[in-house]
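Engineer: Can you read through this structure? Questions will come right after.
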Amino acid sequence: MTINKLSRLSQPEAHQPTTDTGTPRPATGTASSSHVPPQLSGLTSLRRSGAQQAQAEGSHAASARFRSSQNIRPSTANRDPGTLTNDTNETQFFPLVSEIRSQDEQYLYVTHGTLLDNVPSITEHGLDPQHGGGRRGAASYEGMSSSDARGNLKYAHDPNISLRYSNGPANDQAKKVGVQLEARVKHGDFLSRFTDSRTAGGDGETFWRTESGGENVPAQLNDERYRQSMASAMPTDKDGKQVWSSETNQHIRPEDVRVIGVSVPAGGSVDVSKLKTHYGTDSDAD
């Protein structure tokens, strides 16, 4: 199979979205009754992208960092300091880290939204693509499983895409807490295995490719200013088009996954004291 490596240096115009007929998704809005501001509103002016820094400095040592702009933390005075409480009447996202990255000299970083209920298994076993398309993720609140997700896991390079899937459980009638995860993948594991083949994955072959269900577009699709601010941090395919979301059959180890935020339903609370917000094992953080 021909492997089409991604380039981190070219920054062409983004392609038009394709029609998605296979994947039901949460509503475009990120709150149950009104729009929650995007969790991440672009890159810092001095570190707009690892690619730009690499071009300027001749190396990939600089990291592309997204800064959190939604520091919504309703008052928790006189409460357990490990508990976050949403005192509003709509879903709220609580960032648990100060910033997230798109890439650095060693890793690419991708994000994934799921239910808090899945975190214990992920913390123990990592992110397993064999569970993709089952009832443990978006299908549990979307009402149907997704055929294009079976045997794959889907990740967003634009974190505001995966934020929809973190908010999804909280917006659902069941009002469950959602989480946004960040995973790190070594450049070689991603770039050298990236392909445009839809039949990849035979004989134990590991692949990464553009997401097939319609999410390979900016989170704010009709906002050109948003697209331009985020596009420079997205990897590009062999044709120079930005990759906003990917899917893969690669298993990601638990030490390469961390929780970067929680989505809490209206009036709900969540204990975040035991959520792993760092890479490595618990002993590495001591």
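The values are calculated or read from the model by the stated rules, or taken from the named source; none is laboratory data. Note that the structure is a prediction, hence the values are computed from the model and not measured. In this analysis, Cβ positions are derived from the backbone assuming ideal geometry, glycine residues included, and neighbour counts consider all displayed protein chains.
Engineer: Take the stretch 184-201 and flag every residue that is under 16 Å from Ser245 (Cα atoms), in a strand (DSSP E or B) and among the charged types (D, E, K, R).
Structural biologist: Matches in the stretch 184-201: Arg184 only.
Engineer: Condition (residue is of a type in the set (Val, Ile, Thr), assigned to a loop (DSSP other than H, G, I, E, B) and either in contact with a Pro (Cβ under 6 Å, 6 or more places away or on another chain) or without any contact (Cβ under 8 Å) to a residue 40 or more places away in the chain (or both)) applied to the stretch 240-258: is it met by at least one residue?
Structural biologist: yes
The rows are residues; the columns are (1) surrounded by fewer than 13 Cβ atoms within 10 Å (Cβ to Cβ); (2) over 13 Å from Pro120 (Cα atoms); (3) not acidic (Asp, Glu).
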site	(1), (2), (3)
Ser245	no, yes, yes
Thr248	no, yes, yes
Ile252	no, yes, yes
Gly268	no, yes, yes
Val272	no, no, yes
Gly280	yes, yes, yes
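Engineer: Pairs needed: first member in the stretch 125-136, more than 13 Å from His112 (Cβ to Cβ); second member anywhere, in a loop (DSSP other than H, G, I, E, B) and at pLDDT below 80; C-beta distance under 7 Å; at least 6 residues apart or different chains.
Structural biologist: Gln130/Gly151; Gly133/Ser145; Gly133/Ser146; Gly133/Arg150; Gly133/Gly151; Gly134/Ser145; Arg135/Ser145
Engineer: Say we look at the stretch 169-205 and pick out the residues that are among the aliphatic types (A, V, I, L, M) and farther than 19 Å from Val110 by Cα; which of these is surrounded by the most Cβ atoms within 10 Å (Cβ to Cβ)?
Structural biologist: Initial filter on the stretch 169-205 (among the aliphatic types (A, V, I, L, M)): 170, 174, 177, 179, 181, 183, 185, 191, 200.
So of that shortlist, the ones also farther than 19 Å from Val110 by Cα come out as 170, 174, 177, 200.
Working: Ala170: 29, Ala174: 11, Val177: 24, Ala200: 18.
Checking each candidate, the answer is Ala170.
Engineer: What residue, among those in the stretch 205-255 that are within 18 Å of Ser192 (Cβ to Cβ) and in contact with a helix residue (DSSP H, G or I) (Cβ under 6 Å, 6 or more places away or on another chain), is modelled with the lowest pLDDT?
Structural biologist: Ranking the candidates gives Asn249 first.
Engineer: Does the stretch 166-193 hold any residues that are closer than 20 Å to Trp208 by Cβ, in contact with a Lys or Arg (Cβ under 8 Å, 6 or more places away or on another chain) and at pLDDT below 95, and which are they?
Structural biologist: Passing the criteria: Leu191, Ser192.
Engineer: Return yes or no: is Arg65 surrounded by 17 or more Cβ atoms within 10 Å (Cβ to Cβ), at pLDDT below 95 and either more than 30 Å from Ser229 (Cα to Cα) or among the basic types (Lys, Arg) (or both)?
Structural biologist: Working: surrounded by 17 or more Cβ atoms within 10 Å (Cβ to Cβ): yes; at pLDDT below 95: yes; either more than 30 Å from Ser229 (Cα to Cα) or among the basic types (Lys, Arg) (or both): yes.
Answer is yes for this residue.
Engineer: Do you know which residues across the stretch 203-233 are of a type in the set (Lys, Arg) and either in a loop (DSSP other than H, G, I, E, B) or free of Cβ contacts under 8 Å to residues at least 24 places away in the same chain (or both)?
Structural biologist: Answer for the stretch 203-233, where residues must be of a type in the set (Lys, Arg) and either in a loop (DSSP other than H, G, I, E, B) or free of Cβ contacts under 8 Å to residues at least 24 places away in the same chain (or both): just Arg225.
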